[in-house]
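> Got a structure for you, questions after.
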Amino acid sequence: MDLCDKTLPALHPRLAAPGYDRSALRRSIVHIGVGAFHRAHQLVYLDALARAGNSEWGETGVGLVSDTMKGALLPQDRLYTVVERASGQEAATVVGAMSDYLFAPDDPRAVLGRLAHAETRIVTLTITGDGYNLDANGDFDDRGATVRAEALRLERPTTWFGFLVAALARRRTAGLGGFTVLSCDNLANSGAAAESAVVGFAQMVDHTLARWIRRHVSFPNGMVDRITPVPGTAAPQLVSQRFGLVDRAPVLTEPFRQWVIEDSFAAGRPPLEDVGAELVADVAPHKLMKSRLLNGTHSAMAYLGHLAGHRTTAQMAADPIMRDYLVRLMRDEIAPLLPPIPGVDLGTYRSTVLDRLGNENISDDLARLAARGSTKMPAYLLPSLVESRRAGRPNPLLILAVAAWFRYLRGHDLAGESIDVTDVRRDELVPLALAGGTDPGPLLGLRSVMGGLGDDLWVRSEISRALRDLERLGVHGAVRMRLSASHGAVLRPRLSDEKEGSLIS
């Protein structure tokens, strides 16, 4: 049976169908980038609101590049299935909160019209961390020929920030207010990144428009979390087998979900706190906790796990030695560096992270986690190493994770099998890793990635030692050596003040 509005009454009894009138949903939200994570996360919250009787917050989905979702969602009336899987449990829901879907290359005027419409109050984004067109300082990069050409033809945008600025120009001319731009990408400060992109592009177009945007548009910071592997063919097959349903866009995910949002909205907001989200004054401590304990641990898992022969997070978490490594990494070397967060118990959070990583029914590919290391490592793992050095705390497990990344970048594992290094800077990183061998100097000298860590001779020496141990003892041997060593003593005095300023922070 094909999934669509007409077949909803005949759905399998184990499928939770939307019991609300989808035609009554107001199109108050426009979302750009309707990928698997968005369908497993934000739309689930909006669907929960609609099920609770709130019809004010329907969504228009927008695709900018790939027409995959157009071909998948439109034939089934923008419905799709979310299957939550954990050990011994499974729950499936048909989500109906998407009121419309537009593919921008087909009809850019329709996208502009929807963004500029008075009904639109919030624009949300999942465009990946590399999609904000920012330079190393976090400022909008206005040097590209494509961006400069787009600024000269504002009514024919192709980028997400071009569409937003063009729509906001229309709203200003029409005497309408602004809207909220809420990034749902995994960035240190997603609100600041979105603001830099939108205001930076607007300044290329019209300085007065840029000033208007600063006054009338809000860019709240946010933190999102839900493990959602790339669906592939597994999700459609499972939905077909379990529920006799043909769904072209299902997603498999874990039961856990989290959304922490800065309570700063320009034109009202949905009561997301009623369906499990957290609205707070400051997202930064929550985001820091997640980026260090979950994302940083992901990065360590990706490289050590692959070199150890594992291919998924669940496989690595099921390996007793590697599981002990993960426990000790989070408990002894990362968590002590985090500030207290009101209402959050870090011990409970660490246990939850470990349980999630061991969920064999929603296991993430280590290859996916290993991709974009030159972006992820400086954002998620290296800051813990830097802070541990400043505090004089022991860090052998962090050092080993960095060494594993450097070893991974050589493009072959410890057994000589080829590794497909996926990184925008691959052609720069791989030769440096190969040239260095067990000397991390060439990679540590890449300041745009490593900051000033290359200036720390002790770090260089310890990474070199870890690289030699990986070659000599293998991953398990190198891990055992570090787990058996005493973690009670400070390995080295804290860095002097003059060194601190040069390191990644």
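The values are calculated or read from the model by the stated rules, or taken from the named source; none is laboratory data. This one's a predicted model, so the numbers in the text were calculated from it and none came from an experiment. Note: ideal-geometry Cβ built from the backbone for every residue, glycine included; neighbour counts use all protein chains shown.
> Is it true that some residue in the range 33-48 is over 30 Å from G358 (Cα atoms) and either assigned to a helix (DSSP H, G or I) or not hydroxyl-bearing (S, T, Y) (or both)?
no
> Also: Report yes if some residue within the range 207-215 is outside any loop (DSSP other than H, G, I, E, B) and among the hydroxyl-bearing types (S, T, Y); otherwise report no.
yes
> Can T422 be described as part of a loop (DSSP other than H, G, I, E, B), of a type in the set (S, T, N, Q) and touching a residue at least 24 places away in the same chain (Cβ under 8 Å)?
Against the criterion (part of a loop (DSSP other than H, G, I, E, B), of a type in the set (S, T, N, Q) and touching a residue at least 24 places away in the same chain (Cβ under 8 Å)), T422 qualifies.
> How many residues does the range 1-34 contain that are crowded, with 21+ Cβ neighbours inside 10 Å and on the phi < 0 side of the Ramachandran plot?
Residues in the range 1-34 being crowded, with 21+ Cβ neighbours inside 10 Å and on the phi < 0 side of the Ramachandran plot: 8 in total.
> Given the structure, is G268 assigned by TED's automatic domain parsing to the domain that holds G191, surrounded by fewer than 19 Cβ atoms within 10 Å (Cβ to Cβ) and within 21 Å of the chain's Cα centre (by Cα)?
no
> Further, regarding this structure: Just for strands (runs of 3 or more DSSP E) wholly inside the range 56-157: which have at least 3 residues that are modelled with pLDDT of 95 or more and more than 17 Å from F179 (Cβ to Cβ)?
Qualifying strands (runs of 3 or more DSSP E): 80-86, 89-95, 98-103.
> Also, I was wondering about something else. Kindly indicate whether any position in the range 379-389 is outside the structural domain of N189 (by TED's automatic domain parsing), of a type in the set (S, T, Y), more than 19 Å from the chain's Cα centre (by Cα) and within 19 Å of M322 (Cβ to Cβ).
Scanning the range 379-389 turns up no residue that is outside the structural domain of N189 (by TED's automatic domain parsing), of a type in the set (S, T, Y), more than 19 Å from the chain's Cα centre (by Cα) and within 19 Å of M322 (Cβ to Cβ).
> If you go through the range 227-243 one residue at a time, do you hit one that is aliphatic (A, V, I, L, M) and more than 24 Å from T313 (Cβ to Cβ)?
Within the range 227-243, none of the residues are aliphatic (A, V, I, L, M) and more than 24 Å from T313 (Cβ to Cβ).
> Where residues in the range 271-295 are of a type in the set (G, A, S) and outside any helix (DSSP H, G or I), which of them is surrounded by the most Cβ atoms within 10 Å (Cβ to Cβ)?
Checked the range 271-295; the qualifying residue surrounded by the most Cβ atoms within 10 Å (Cβ to Cβ) is A277.
> Need the failing condition index for V421 against (1) of a type outside the set (F, W, Y); (2) surrounded by fewer than 22 Cβ atoms within 10 Å (Cβ to Cβ); (3) modelled with pLDDT of 95 or more; (4) more than 25 Å from A136 (Cβ to Cβ), just the number.
Result: V421 fails condition (4) only.
> Working carefully through the options V260, V230, find the one that is touching a Lys or Arg at 6+ places or on another chain (Cβ under 8 Å), crowded, with 20+ Cβ neighbours inside 10 Å and not assigned by TED's automatic domain parsing to the domain that holds M322.
V260
> In the range 8-20, which residue that is part of a loop (DSSP other than H, G, I, E, B) and within 32 Å of the chain's Cα centre (by Cα) is farthest from R85 (Cα to Cα)?
Here the residue is Y20.
> Another one. Give me the pairs, please: first residue somewhere in the range 228-239 and in contact (Cβ under 8 Å) with a residue 60 or more places away in the chain, second residue anywhere and surrounded by fewer than 19 Cβ atoms within 10 Å (Cβ to Cβ) and of a type in the set (D, E), beta-carbon distance under 8 Å, and either six or more positions apart or on two chains.
Listed by first residue and then by second, the contacts come to P229/D365; V230/D365.
> For the range 447-457, what are the residues that are of a type outside the set (S, T, N, Q) and either touching a residue at least 40 places away in the same chain (Cβ under 8 Å) or within 14 Å of W405 (Cα to Cα) (or both)?
Once the filter is applied, which keeps residues that are of a type outside the set (S, T, N, Q) and either touching a residue at least 40 places away in the same chain (Cβ under 8 Å) or within 14 Å of W405 (Cα to Cα) (or both), the range 447-457 yields V449, M450, G451, G452, L453, D455, D456.
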